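Below: one structure, written as structure tokens.
The values are calculated or read from the model by the stated rules, or taken from the named source; none is laboratory data. A quick note: this is a predicted structure, and the numbers were derived from the prediction, not measured. Don't worry about glycine lacking a Cβ; one is built from the backbone with ideal geometry, like all the others, and counts go over all protein chains shown.
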Amino acid sequence: MTTTKYIPSLHDVLSSLFRDLNIEDKMTYRGILPIWRKVVGEQIACNAYPAAVRGNILFVNVANSVWMQQLAFMKKEILDKLNTALGSAARLTDIRFKIGPLPHSADTSPDGLLSQLSSQELQQIEHQTASIADPELREIFQRVVAAHLRNKKK
């Protein structure tokens, strides 16, 4: 009597590896960061920041208990907007708020990055991105170039 040995499929192996390394969570988190400010608005973005994704749960650091209370009331709306913005990339099922550090020292808003550059650097970025038709893609590219130029100055 011969027994056949089970050989896992590539799909099974990769799924297990992605789950073990939390790749899906990291990809979801990376997808949230660039859209956070646009989804929640400027005032909330100044007082709350995504800290991590575990499973389908987004963990958000908030400035204080008042913001934690306010955002708890807005949780469903924020969750719906995030899921819409993320599309089929991820499906968040919950948001958990906690008082924690916010990245105020590193202003990563487009205006914050661009305000740290000289007028010559701003003109150079404008010139380099003028041919990008998609305004969202152009803004992303401008932020990348601005961050690169800012980091070179350090």
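Residue by residue through the stretch 15-41, note down the ones that are under 10 Å from the mean Cα position of the chain (by Cα) and part of a helix (DSSP H, G or I). Lys26, Met27, Thr28, Tyr29, Arg30, Gly31, Ile32, Trp36, Arg37 - these are the residues of the stretch 15-41 that are under 10 Å from the mean Cα position of the chain (by Cα) and part of a helix (DSSP H, G or I). Among the residues of the stretch 42-69, those identified as part of a helix (DSSP H, G or I) and surrounded by 15 or more Cβ atoms within 10 Å (Cβ to Cβ) are Ile44, Ala45, Trp67, Met68.
Within the stretch 1-26, the set of residues being aliphatic (A, V, I, L, M) and either modelled with pLDDT of 70 or more or within 21 Å of Asn56 (Cα to Cα) (or both) comprises Ile7, Leu10, Val13, Leu14, Leu17, Leu21, Ile23. Applying the selection to the stretch 70-103, what residues are of a type in the set (A, V, I, L, M) and not in a loop (DSSP other than H, G, I, E, B)? Correct list: Leu71, Ala72, Met74, Ile78, Leu79, Leu82, Ala85, Leu86, Ala89, Ile95, Ile99.
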